[in-house]
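See structure below.
The values are calculated or read from the model by the stated rules, or taken from the named source; none is laboratory data. As the structure is a prediction and not an experimental result, all values here were calculated from the model. Here the Cβ positions follow ideal geometry from the backbone for every residue, glycine too, while neighbour counts run over all protein chains shown. When the accessible area is computed, the model is the full protein with side chains, heavy atoms only, and any ligands, DNA or RNA have been set aside. Shrake-Rupley method; radii C 1.70, N 1.55, O 1.52, S 1.80 Å.
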There are 2 protein chains.
Amino acid sequence: MFLECARASCQHVGGSLCVGLDPHPDRLPARFDPAIGGLRRFLDETIKKTLPSASLYKPNAAFFEERGPEGISLLKEIIDRVHEVGRPVILDAKRGDIASTAHAYARAAFDVLDADAITIVPYMGEDAVVPFLDRGRFVFLLALPSNPSAAAVVEHGSPPLYERIGRMGLELEVRYPGQVGLVAGATRPAQAASLHRLAPSLPWLVPGVGSQGGSLAELSEAIGGRHEAWVNVSRAILFDPEPAAAAEMWKREIGVWRNA
Amino acid sequence: MFLECARASCQHVGGSLCVGLDPHPDRLPARFDPAIGGLRRFLDETIKKTLPSASLYKPNAAFFEERGPEGISLLKEIIDRVHEVGRPVILDAKRGDIASTAHAYARAAFDVLDADAITIVPYMGEDAVVPFLDRGRFVFLLALPSNPSAAAVVEHGSPPLYERIGRMGLELEVRYPGQVGLVAGATRPAQAASLHRLAPSLPWLVPGVGSQGGSLAELSEAIGGRHEAWVNVSRAILFDPEPAAAAEMWKREIGVWRNA
């Protein structure tokens, strides 16, 4: 379901931009009061303004959790709002725990919040992933995070760990076709190219573009071909004085990433 | 703060048992209604009955998140309750995201929920850990999870990844003395023994005992010495028909794990 919706949405919008909803509390424009009502208005306005350019939205659970119970209510409202305007939702929650706990996290993400896809940290192996797939929704395994210090972990070993995660994704894809993708940061083009060769069929969620400085041109050049991907931009759109224009600029910059 | 409180609590109680609060919704005893009120009564009763034997409590965020906003309110209530009865709280949340997001998760865990310590998945490296340490609280890095499928990740490479995580813990301990521990599952005694040799000063949170079948005797024998640790038991106490007796039995079984 997620895959078809996300593809249809990209086609409809004409670009593979995913707008990340990471409302850092100290960065809300001054005209929004910092309480929950202001946050709601800020997010509503952001969705309205970026809709012509955004194929997907990716709320980041942390910025809602830090508001306590009413933040969780708002997260659910925002997911409903995005569905109303016809876009799929990736919940960026980076969950990763053993099977029985993963089941509970899956119920939270899919039954309570109604996200269409979720990001998962595969540190605990397949056990931590399967409960999410069993619910028929889509999972992005965190293979290549975009932040610098992740290198110590994801490039560990030979072959490096991120390739092991790519293989885990392929193995899961066989059992859950059309439900598995990878997170592949734009800040690591050479490693993303290895992931592309290893698992060309697994779509990517690409963070690290925008404020984090990753270059799509370098990424494209490194992989030397097309790879289905949604490219996430958060702060560089959210906190731009003109979010509509910023989203449109990023949509053009990104284009349609598609390997089919 | 956490370390002193946890040590004092172990001394007071006479054992290193941490009671895990993982209220699987389909395993609540029949006399508790499955709605939030029943869950609250179940947890209150569990805390009351296990208090003479429990040095710490470890609520698992997933089983509260799956109840939506009112689950988060209940989680805060339960943490407050545990503090009222004089025990420290480890929030088992396995968070792990990049710096700005980690700051938001840290605010959620410490400012909103008031946990004393948290479990962290170090897949994204130090960036994902430092924001929690910067708030002066205690962090358990997930080094050796207790579930079988984690082997594919944590034993990856040579030296294996979990040793790299142990080293990361040591490096962080230098900058944040008394704030860093490791999760070391009882189901992996040989690997835990390596962690003990590598980082004898980092206290452990030990899952995998009880329902998961890890043996404390094997763990003790493998490490061949003493290592400060809190041993977590969740389901085998929570869902025992006699939680008070089960907790006391586990307290005796565990004894005081201490290397000082």
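Descriptive notes on the structure:
- When the range B:21-38 is filtered for residues that are within 14 Å of chain A (Cβ to nearest Cβ), of a type in the set (A, V, I, L, M, F, W, C) and farther than 20 Å from B:ALA245 by Cβ, only B:ILE36 remains.
- Test for B:ARG41: is it more than 8 Å from every other protein chain (Cβ to nearest Cβ), more than 17 Å from A:ALA108 (Cβ to Cβ) and basic (Lys, Arg): yes
- Residue match in the range B:187-203 (condition: open to solvent by 10 Å² or more (accessible area, probe 1.4 Å), within 11 Å of chain A (Cβ to nearest Cβ) and either over 19 Å from the mean Cα position of the chain (by Cα) or not polar (S, T, N, Q) (or both)): no
- Count of residues meeting criterion [of a type outside the set (Lys, Arg) and open to solvent by 20 Å² or more (accessible area, probe 1.4 Å)] in the range A:232-254: 11
- Hey, B:PHE2 at pLDDT 95 or above and more than 10 Å from every other protein chain (Cβ to nearest Cβ) or not: yes
- Criterion violated by A:VAL231 - all others in (1) within 14 Å of chain B (Cβ to nearest Cβ); (2) aliphatic (A, V, I, L, M); (3) under 17 Å from A:ASP22 (Cα atoms) satisfied: (1)
- Enumeration of residues in the range B:50-107 that are of a type in the set (A, V, I, L, M, F, W, C), within 21 Å of B:LEU133 (Cα to Cα) and open to solvent by 10 Å² or more (accessible area, probe 1.4 Å): B:ILE98, B:ALA99
- Residue in the range A:21-35 that is part of a strand (DSSP E or B) and of a type in the set (Gly, Ala, Ser) present: no
- Scanning the range B:117-144 for residues that are on the phi < 0 side of the Ramachandran plot and open to solvent by 10 Å² or more (accessible area, probe 1.4 Å) turns up B:GLU126, B:ASP127, B:VAL130, B:ASP134, B:ARG135, B:ARG137.
- The set of residues from the range B:117-144 being in contact with a Phe, Trp or Tyr (Cβ under 7 Å, 6 or more places away or on another chain), more than 10 Å from chain A (Cβ to nearest Cβ) and in contact (Cβ under 8 Å) with a residue 60 or more places away in the chain comprises B:ALA117, B:ARG137, B:PHE138.
Residues are listed down the side, and each one gets a yes or a no for (1) among the β-branched types (Val, Ile, Thr); (2) within 8 Å of chain A (Cβ to nearest Cβ):
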| site | (1), (2) |
| --- | --- |
| B:ILE72 | yes, yes |
| B:VAL82 | yes, no |
| B:LEU91 | no, no |
| B:ARG95 | no, yes |
| B:ILE98 | yes, yes |
| B:ALA102 | no, yes |
| B:ARG107 | no, yes |
| B:ALA115 | no, no |
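- Residue list for the range B:210-251, filter: more than 19 Å from B:ARG197 (Cβ to Cβ) and not in a helix (DSSP H, G or I): B:GLY213, B:GLY214, B:SER215, B:TRP230, B:VAL231, B:ASN232, B:VAL233, B:SER234, B:PHE239, B:ASP240, B:PRO241, B:GLU242
- Residue that is hydrophobic (A, V, I, L, M, F, W, C) and under 16 Å from A:PRO122 (Cβ atoms), where the choices are A:ALA184, A:ALA192, A:ALA217, A:ALA236: A:ALA184
- Residues of the range B:184-191 include none that is within 15 Å of B:LEU3 (Cα to Cα), of a type in the set (A, V, I, L, M) and not in a helix (DSSP H, G or I).
- Number of positions in the range B:1-34 that are open to solvent by less than 50 Å² (accessible area, probe 1.4 Å) and free of Cβ contacts under 8 Å to residues at least 24 places away in the same chain: 2
- Residues in the range A:36-60 that are aromatic (Phe, Trp, Tyr) and outside any helix (DSSP H, G or I): A:TYR57 alone.
- Any pair with Cβ under 8 angstrom, 6 or more apart, that starts in the range A:145-160 at a residue that is within 7 Å of chain B (Cβ to nearest Cβ) and ends at one that is aromatic (Phe, Trp, Tyr) and surrounded by 19 or more Cβ atoms within 10 Å (Cβ to Cβ): A:PRO145/B:TYR123; A:ALA150/B:TYR123; A:VAL153/B:TYR123
- Each residue in the range B:58-69 was checked for being within 7 Å of chain A (Cβ to nearest Cβ) and more than 18 Å from B:ILE118 (Cα to Cα), and 3 of them qualify.
- Filtered by the rule that a residue be β-branched (Val, Ile, Thr) and surrounded by fewer than 24 Cβ atoms within 10 Å (Cβ to Cβ), the range B:160-182 gives a lone residue, B:VAL174.
- Of all residues in the range B:76-89, those that are closer than 16 Å to B:ASP111 by Cα have Cβ atoms under 8 Å from Cβ atoms of residues that are among the small types (Gly, Ala, Ser) and not in a loop (DSSP other than H, G, I, E, B), 6 or more apart or on another chain, in B:PRO88/B:ALA6; B:PRO88/B:SER9; B:PRO88/B:ALA117; B:VAL89/B:ALA117.
- Test result for B:GLY178, more than 11 Å from chain A (Cβ to nearest Cβ) and in a helix (DSSP H, G or I): no
- Within the set B:ALA54, B:ALA8, the sole residue that is in contact with a Leu (Cβ under 6 Å, 6 or more places away or on another chain), more than 14 Å from every other protein chain (Cβ to nearest Cβ) and small (Gly, Ala, Ser) turns out to be B:ALA54.
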